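For reference, the structure discussed in these notes is given below.
The values are calculated or read from the model by the stated rules, or taken from the named source; none is laboratory data. A quick note: this is a predicted structure, and the numbers were derived from the prediction, not measured. With ideal geometry, Cβ positions are generated from the backbone for all residues, glycine too; neighbour counts draw on all protein chains shown. Protein only, heavy atoms only, side chains kept; ligands, DNA and RNA dropped before computing areas. Shrake-Rupley method; radii C 1.70, N 1.55, O 1.52, S 1.80 Å.
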Amino acid sequence: MNTADEGRQRLDAASVLNAKSTLLQLLARAGVYTGDAEELIGLVEAGALALAHEEIGDSPRDAPQEKGPLYASGWSDGARDAVDALGALAEQALVRAVTAGPSASAPDERSPVRRAEMERAKVAVTPLHLSFSEVSELDPEVTDQVLGAVLRTMSPRERAGYPGRLAEFAAAHHARLERLFAAYGPGAPIAVHGRYSLVHSPTSVAVLERLAAAPSALHEEWDAAELPPAWLDGLTAAWGSKA
């Protein structure tokens, strides 16, 4: 079969729905809760639309010159409307993906952290932490408690884009983070137990990003979760030091 001879390939709505249903069934057999699976699929769909919107917006096509200025003007207006419509579809898909139940009517209000959001945060922080340090020595339960406090400082929509925000933070402060982990992380003379414990955890990058972006909200959620104040104080001191 030579697809080059068949023209542009398109998926019909029934085939797309079939693929989504099949994926949900496969994930359910693997133990993934249907709500979490639907959220993840929704984020992928929203992301595909957003990336298409960005790509089209960055690479506009010019109208054929031989058609004249009036045609070119209409072409430009039509292309802009199409790009705007694609952006609106991406936004709608994102809202559908991150809102469910009562939060759907107020998508920007804080809501309980869902399992899929927690897992996405873990996937995001682990490679970032390993780029500066070694594997965490802290209990996984502590990781959930700390990331829960971090994620509750954000709306569901902000949580959806948090991995990208973390990557940007790590890239912008790479040298500073390297110095911090060298001075307070594994292999440093500072003991793992005590106020600098979180430097040994993947959650440290997430906490540092929130300390820089939303310190008041982080302190509020930290206290509400009854996490040790010394951990947050230690990271604050390490971040503010000239290590």
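Some observations on this one:
- Beta carbons closer than 7 Å, at least 6 apart along the sequence or on distinct chains, pair a first residue in the range 217-229 that is crowded, with 18+ Cβ neighbours inside 10 Å with a second that is assigned to a loop (DSSP other than H, G, I, E, B) for LEU218/THR153; GLU221/ARG152; GLU221/THR153.
- Test for ALA188: is it touching a helix residue (DSSP H, G or I) at 6+ places or on another chain (Cβ under 7 Å), of a type in the set (Gly, Ala, Ser) and either surrounded by 20 or more Cβ atoms within 10 Å (Cβ to Cβ) or farther than 18 Å from LEU211 by Cβ (or both): yes
- Test for SER133: is it of a type in the set (Gly, Ala, Ser), in contact (Cβ under 8 Å) with a residue 40 or more places away in the chain and not in a helix (DSSP H, G or I): yes
- Residues (of a type in the set (Asp, Glu) and modelled with pLDDT of 75 or more) located in the range 11-40: ASP36, GLU38, GLU39
- Every pair of residues 6+ apart whose Cβ atoms lie under 6 Å, when the first sits in the range 111-123 and is more than 13 Å from THR143 (Cα to Cα) and open to solvent by 30 Å² or more (accessible area, probe 1.4 Å) while the second is aliphatic (A, V, I, L, M) and at pLDDT 90 or above: VAL113/LEU151
- Of the listed requirements (1) open to solvent by 20 Å² or more (accessible area, probe 1.4 Å); (2) farther than 28 Å from LEU94 by Cβ; (3) at pLDDT 90 or above, LEU180 misses just one: (1).
- Filter pass, ALA46 being within 30 Å of GLY161 (Cα to Cα), modelled with pLDDT of 75 or more and open to solvent by 70 Å² or more (accessible area, probe 1.4 Å): no
- The range 123-160 - residue that is modelled with pLDDT under 90 and basic (Lys, Arg) and, of those, farthest from ALA183 (Cα to Cα): ARG157
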